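Trainee: Take this structure first; my questions come after.
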Amino acid sequence: MKLFKYLIGIMAVATLVGCEIPEEESKTEYPELTNIVDTLWYSYDQKNFIYYDIEYNEATGTMKGYKDQERTEELSNRAFSYTFTPATEQYDAIVELSFDDGQRYGGMLIPKGNLQISNKDVYMIQLYEINDKGAIIYDENGDIKSTILMWKE
């Protein structure tokens, strides 16, 4: 019986030695966006089935809406001005957008590697409609009135 216990012990040790402990999965590091000038972002309005291209230039930009993913028929074209505040050690990067019609949005840039679109890591900007004081606007049911989620590879 003692011999049997020793054999079991040896087999257990041999099994542990033969096992490889997987290395910790290395997370891909992506460059931090310090500005968004000359970048193209995408968005999709699921409620109205509109595909958007959002172009950021120097302090201004355009948000073009299309009927289909191939961007064959333009449905809307809205100009905006914006500010971008890069991330610091304490704060995330901030984006504030003001459309020419007065509608305003504010939110943050989510660094690449935190979220995926179609199994690809992307940078994202999540914006919420805000009032003149910078507070998020809610509807009568207490839900956020309007949001814009955009991404780029």
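The values are calculated or read from the model by the stated rules, or taken from the named source; none is laboratory data. Being a predicted model, the structure only gives us computed values, none of them experimental. Glycine gets a Cβ as well: all are built from the backbone with ideal geometry, and neighbour counts include every protein chain shown. Areas reflect the complete protein model, heavy atoms only, side chains present, ligands, DNA and RNA absent. Shrake-Rupley method; radii C 1.70, N 1.55, O 1.52, S 1.80 Å.
Trainee: Distances over 22 Å make up what percent of all Cα-Cα pairs in the range 82-153?
Mentor: For the range 82-153, the share of Cα pairs beyond 22 Å comes to 29 percent.
Trainee: Residue by residue through the range 141-153, which ³J(HN,Hα) values in whole Hz follow from phi under the Karplus form 6.51 cos²θ - 1.76 cosθ + 1.60 (θ = phi - 60°), with glycine and proline marked x?
Mentor: 3J(HN,Hα) across the range 141-153, in whole Hz: 8, x, 8, 4, 5, 8, 9, 9, 10, 10, 9, 8, 6.
Trainee: Take every Cα pair under 8 Å in the range 48-153 that's 6+ residues apart, average their separations, divide by the length, and report that relative contact order as a whole percent.
Mentor: 15
Trainee: Which percent of the accessible area of the range 39-153 is formed by carbon and sulfur heavy atoms (probe 1.4 angstrom)?
Mentor: Percent of accessible area from carbon and sulfur atoms in the range 39-153: 45.
Trainee: Using a simple spin-label model with points 7 Å from Cα along the Cα→Cβ vector, what separation in nm is obtained for Y42 and D92?
Mentor: 2.2
Trainee: Continuing with this model, one more query. Give the Rg (one decimal place) followed by the Dmax (whole number) of the range 24-153, computed from C-alpha coordinates and expressed in Å.
Mentor: Taking only Cα atoms of the range 24-153, I get Rg and Dmax of 15.3, 50 Å.
Trainee: Next question, about the same structure. Before I look further, what does the range 70-153 give for accessible area per residue, probe 1.4 Å, in whole square angstrom?
Mentor: For the range 70-153, the solvent-accessible area averages 63 Å² per residue.
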